[in-house]
């Protein structure tokens, strides 16, 4: 048999194998939709939602999900399909988020694991619809809109009902819809957007979003638009204290406020996964900053394992909208110089803010930031003096990889050991921080850890997790 014939047979085998995987993925998609619609069960693979994505994306997720896991934890689309089939047979289960990846690598029989699920009736699991209003429609506002409306249409969970902006000029609605549809960083929106000029709103994937023009939050009557008991997500950053943010609560039809910036005073700064258990009946909560969210989970696990005595956080941060494109007057030092031509040293409150989410590190960290000429994805460098030192960088990396693979932290912390990774590789990453293992340094009791983060998408994902908790949305987590 000639070499060419062998190669043709090999190519055909690969193609047939992929076709079979596609067939299984199509069946998987049907089951996932059925579970979501009939039992309110969302299926994830190591924290990543499997529902409402193309077949090719599903297959890539399954293949890529195990690349940073031990070899004995690799899984196939066949295993995922069989696990979801078993899940679909448990008709009594509802209001749950089931991590199929974690169930598979646990090793035990899937049916037995589901049967052993805690059924404590004292815990209320519910996902009733909650009205959401975005106050502001800048970078974070539009990313939040994409994340909320890119999901399958549902009458459960967070429901984006309106966006509040300042009064605009002619064609304001068309311009804002265009900014949502076309994004220079994240690409075109994967859905349909129509203008409803008569009702002053937009229709995104079949869902109507009202646009409300206002100069002050307190002057709005949300009930006039059919909105009530709304969670207001303020992404303008204009108000950061209780007095200012309380204006939202004066609006008719509002109930709670979530700020997408570090808050001042006694408002809780929450990093989901670290201190979200402190959210009680708070009317106003802050989701802290993108950098605080990026570094705090990793700082917590390192502190829990090795103890952090002191440290410095240096942030290499993409430029933001508050800088100038070309040199011009700016009230802040250095930020008046061109953002696209300069590296700009500036201050950051992220290191100090860590102490609010993680009190055991309060006063132990210093921080600075350097704004650089990239539009998105930033890098935090943690220089830490540890109480108990790991033997070397390999030991620290192995620990951080285990953390990133754990069910507890897989949604916040990711891990890469690629020698070719650069910032644009992490555009759209929903984990709030990605540890770059190749850059880890350990010398005596001093460790340096590099953390990439999409300061738009990663942070916005964390914001929505806090929003869901504030809204009282609670799913049974499987495995627990």
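When Rg and the Kirkwood Rh are both derived from Cα coordinates, the Rg/Rh ratio for segment 322-480 amounts to 1.00. Between the entries (i) 23.3; (ii) 22.2; (iii) 26.9, the label attached to mean projected area of the Cα convex hull in nm² calculated for this structure is (iii).
Sorted from largest to smallest, which semi-axis lengths in Å does the alpha carbon gyration tensor of segment 175-244 give for its equivalent ellipsoid, taking the root of 5 times each eigenvalue? Show your work: numbers first, answer last.
Numbers: eigenvalues 126, 64, 23 Å².
Working from the Cα gyration tensor, I get semi-axes of 25, 18, 11 Å.
For segment 281-395, the convex hull spanned by the alpha carbon atoms encloses 135 Å³ per residue.
Roughly what % antiparallel, to the nearest 5, for the DSSP beta bridges in the chain?
The answer is about 45 percent antiparallel.
Annotation: the residues 10, 229, 95, sorted from fewest to most other C-beta atoms within 10 Å of their own C-beta, follow the order 10, 229, 95. DSSP beta bridges fully contained in segment 259-373 are about 20 percent antiparallel. Distances longer than 15 Å among the Cα atoms of segment 390-477: what percent of all pairs is that? Tail fraction, whole percent: 64. Assign one of three labels to segment 3-115, namely rounded, prolate or oblate, based on the Cα gyration tensor with a ≥ b ≥ c the square roots of its eigenvalues; rounded applies when a/c is under 1.5, prolate when it is not and a/b is larger than b/c, and oblate otherwise. Verdict is prolate for segment 3-115.
Relative contact order for segment 290-455: what is it in percent, counting Cα pairs under 8 Å that are at least 6 residues apart? Working shown, then result.
Details: 362 pairs, mean separation 44.3, N = 166.
Reported relative contact order: 27 percent.
Relative contact order of segment 131-233, please, whole-number percent, based on alpha carbon pairs below 8 angstrom and at least 6 residues apart. Before the final figure, lay out the partial values.
Details: 144 pairs, mean separation 35.8, N = 103.
Taking the mean separation of contacting Cα pairs over the length of segment 131-233, I get 35 percent.
What is the packing order of peptides 168-175, 212-219, taking the mean over residues of other C-beta atoms within 10 Å and listing the highest first?
On the way: 168-175: 11.5, 212-219: 13.9.
Per-residue mean Cβ counts within 10 Å order the peptides as 212-219, 168-175.
Remark: 208, 319 ranked as 208, 319, counting other beta-carbon atoms within 10 Å and listing the fewest first. Per residue of the chain, the DSSP helices (runs of n ≥ 4 H) give a summed -39500 (n - 2.57) that works out to -10000 deg cm²/dmol at 222 nm. Annotation for segment 1-80 versus segment 425-465: alpha-carbon center distance of 27 Å.
Counting neighbouring beta carbons within 10 Å and listing from fewest to most, the residues 135, 225, 125 come out as 125, 225, 135.
Values in this text are rule-based calculations from the coordinates and carry no lab data. Quick caveat, the model's predicted, so the values are computed rather than measured. Methodologically, a virtual Cβ is constructed for each residue, glycine included, from the backbone with ideal geometry; neighbour enumeration extends over all protein chains shown.
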